[in-house]
Amino acid sequence: MTTPSVLGPVGERVPDVERIAVLRANALGDFIFVLPALEALRAAYPGAEIVLLGAPWHVELWHDRPGPVDRVLVVPPAPGIRDAGPAEPPAELADFLAAARAERFDLAMQLHGGGANSNPLITRLGARVTAGLRAEGASPLDRWIRYVYYQHEVIRYLEAVALVGAPATTITPALAVTDADRAEARQVLGAPERPRVALHPGATDTRRRWPPERFGDVARALAGDGYEVLVTGTPAERETVDAVVVAAGVPVRPQVGTLTLGGLAACYADCALVVSNDTGPLHLAAAVGAPTVGVYWVGNLINGATPLRTRHRPIASWTTHCPVCGVDCTPGIYPHRPGDGDCPHRDSFVADVPAVEVVEAARELLAG
């Protein structure tokens with residue numbers, strides 16, 4: 001039996017739910033996309049404990065942070081689930097599963113992808129009811145919907161939690177910024193003497209990186225408009241950040257590894273604008289309320305760009321063939337996805353986005 005909702009039918013709620021497991025153990029942007037689904041679960045099961053089956057960084061993020069996650073249970077590295085982090089101690093999947101079964105989950109949600117590796121893991125938790133996504137060839141769950149590649153990520157996970165009677169309460173990811181986050185950002189950055197903008201030129205996948213020279217053009221234009229320009233990046237992105245600083249040719253403030261994730265959230269929340277590649281920090285900035293200009297490959301625009309335009313401008317590259325070998329990569333430009341297997345190249349798919357288009361969008365948003 002289903003009932004109507006703003007996003008379509010909603011299934012029956014699972015009775016007597018005290019504890020819910022949600023598998024989502026991947027990267028920052030991926031997690032931001034699932035926040036509305038977690039809010040829907042919280043609203044549908046207000047008395048239940050929601051336990052995120054995540055990565056070590058989730059533990060740090062959710063320490064004393066208000067939101068729909070009550071607790072994090074770290075999933076050990078496993079194929080198709082997550083990779084080991086730097087200096088992460090080894091952990092056995094069997095030990096994790098034994099501890100998870102001892103939790104006696106009433107409901108286990110698979111919000112981790114198509115399910116080839118994650119559905120068997122969810123099934124082994126021993127929950128009364130399993131639900132989530134299922135790609136072709138993946139094992140079934142008690143309640144499931146088909147995983148189809150081209151679908152906006154936020155809507156995908158909202159449809160999944162609707163299977164268990166959790167209708168959408170929002171389609172806009174939101175993350176609370178704490179007093180501790182703000183104190184850290186103030187300590188590192190100091191008080192702004194003029195409005196700040198932040199540029200984030202990195203991305204794990206080099207095909208999603210706009211050239212540093214273009215970010216330098218944006219930095220120079222916005223600094224000329226009177227803004228203090230920050231250039232953020234992880235330690236692995238130091239070379240890219242340095243290239244932007246050089247290309248800008250004007251004083252900017254590089255911030256490489258100076259802030260924790262919470263501190264970065266507070267930094268972005270206080271910015272007048274964040275300009276970024278399609279990567280986790282872009283989605284973090286939007287989730288803490290910052291206006292954004294994002295540079296997207298068209299396939300990722302479909303799956304990840306916000307549909308809102310009052311405070312956000314996604315700028316698309318329409319490149320569909322590898323700029324090196326010409327292989328059609330329209331089904332997806334991530335490793336191990338359809339259409340990707342014949343192309344080993346990692347050259348940028350967004351290099352054709354002109355700087356003037358990004359600068360115009362930035363100035364429009366900054367003008368209010």
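Search segment 199-220 for residues being within 15 Å of Arg253 (Cα to Cα) and hydrophobic (A, V, I, L, M, F, W, C), and hand back the single one that is surrounded by the most Cβ atoms within 10 Å (Cβ to Cβ).
Ranking the qualifying residues of segment 199-220, first place goes to Phe215.
If you check Arg196 against the conditions, is it surrounded by 15 or more Cβ atoms within 10 Å (Cβ to Cβ), in contact (Cβ under 8 Å) with a residue 12 or more places away in the chain, within 13 Å of Ala362 (Cα to Cα) and assigned by TED's automatic domain parsing to the domain that holds Ala361?
Working: surrounded by 15 or more Cβ atoms within 10 Å (Cβ to Cβ): yes; in contact (Cβ under 8 Å) with a residue 12 or more places away in the chain: yes; within 13 Å of Ala362 (Cα to Cα): yes; assigned by TED's automatic domain parsing to the domain that holds Ala361: yes.
Spelling it out, Arg196 is indeed surrounded by 15 or more Cβ atoms within 10 Å (Cβ to Cβ), in contact (Cβ under 8 Å) with a residue 12 or more places away in the chain, within 13 Å of Ala362 (Cα to Cα) and assigned by TED's automatic domain parsing to the domain that holds Ala361.
Can you name the condition, by its number, that Arg146 falls short on among (1) charged (D, E, K, R); (2) surrounded by fewer than 23 Cβ atoms within 10 Å (Cβ to Cβ); (3) in the same structural domain as Arg253 (by TED's automatic domain parsing); (4) in contact with a strand residue (DSSP E or B) (Cβ under 7 Å, 6 or more places away or on another chain)?
Here Arg146 meets the rest and fails (3).
Which members of segment 82-113 meet the condition of being at pLDDT below 95 and in a loop (DSSP other than H, G, I, E, B)?
Scanning segment 82-113 gives Asp83, Ala84, Gly85, Pro86, Ala87, Glu88, Pro89, Pro90, Ala91, Glu92, Gly113.
Can you confirm whether Leu53 is in contact with a helix residue (DSSP H, G or I) (Cβ under 7 Å, 6 or more places away or on another chain), closer than 21 Å to Asp30 by Cα and at pLDDT 95 or above?
Spelling it out, it is not the case that Leu53 is in contact with a helix residue (DSSP H, G or I) (Cβ under 7 Å, 6 or more places away or on another chain), closer than 21 Å to Asp30 by Cα and at pLDDT 95 or above.
For (1) touching a residue at least 60 places away in the same chain (Cβ under 8 Å); (2) outside the structural domain of Ala286 (by TED's automatic domain parsing); (3) surrounded by fewer than 22 Cβ atoms within 10 Å (Cβ to Cβ), each residue gets a yes or a no:
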residue: Val14; (1), (2), (3): yes, yes, no
residue: Leu23; (1), (2), (3): yes, yes, no
residue: Pro66; (1), (2), (3): yes, yes, yes
residue: Pro77; (1), (2), (3): no, yes, yes
residue: Leu93; (1), (2), (3): no, yes, yes
residue: Arg101; (1), (2), (3): no, yes, yes
residue: His112; (1), (2), (3): yes, yes, no
residue: Asn117; (1), (2), (3): no, yes, yes
residue: Leu125; (1), (2), (3): yes, yes, yes
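Mind checking whether some residue in segment 57-72 is of a type outside the set (D, E, K, R), in a loop (DSSP other than H, G, I, E, B) and touching a His at 6+ places or on another chain (Cβ under 9 Å)?
yes
Here is a yes/no grid of residues against (1) assigned to a strand (DSSP E or B); (2) out of contact with any Cys (no Cβ under 6 Å at 6 or more places or on another chain); (3) of a type outside the set (A, V, I, L, M):
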| site | (1), (2), (3) |
| --- | --- |
| Thr130 | yes, yes, yes |
| Ser139 | no, yes, yes |
| Val148 | no, yes, no |
| Gln151 | no, yes, yes |
| Leu158 | no, yes, no |
| Thr169 | no, yes, yes |
| Val177 | no, yes, no |
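Conditions (1) at pLDDT below 95; (2) assigned to a helix (DSSP H, G or I); (3) not assigned by TED's automatic domain parsing to the domain that holds Asp352, marked per residue:
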| site | (1), (2), (3) |
| --- | --- |
| Thr204 | yes, no, no |
| Phe215 | no, yes, no |
| Gly226 | no, no, no |
| Ala243 | no, yes, no |
| Val246 | no, yes, no |
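The values are calculated or read from the model by the stated rules, or taken from the named source; none is laboratory data. Just so it is clear, the structure is predicted and the values come from calculations on it, not from any experiment. Every residue, glycine as well, gets a Cβ built from its backbone with ideal geometry; the counts of neighbours run over all protein chains shown.
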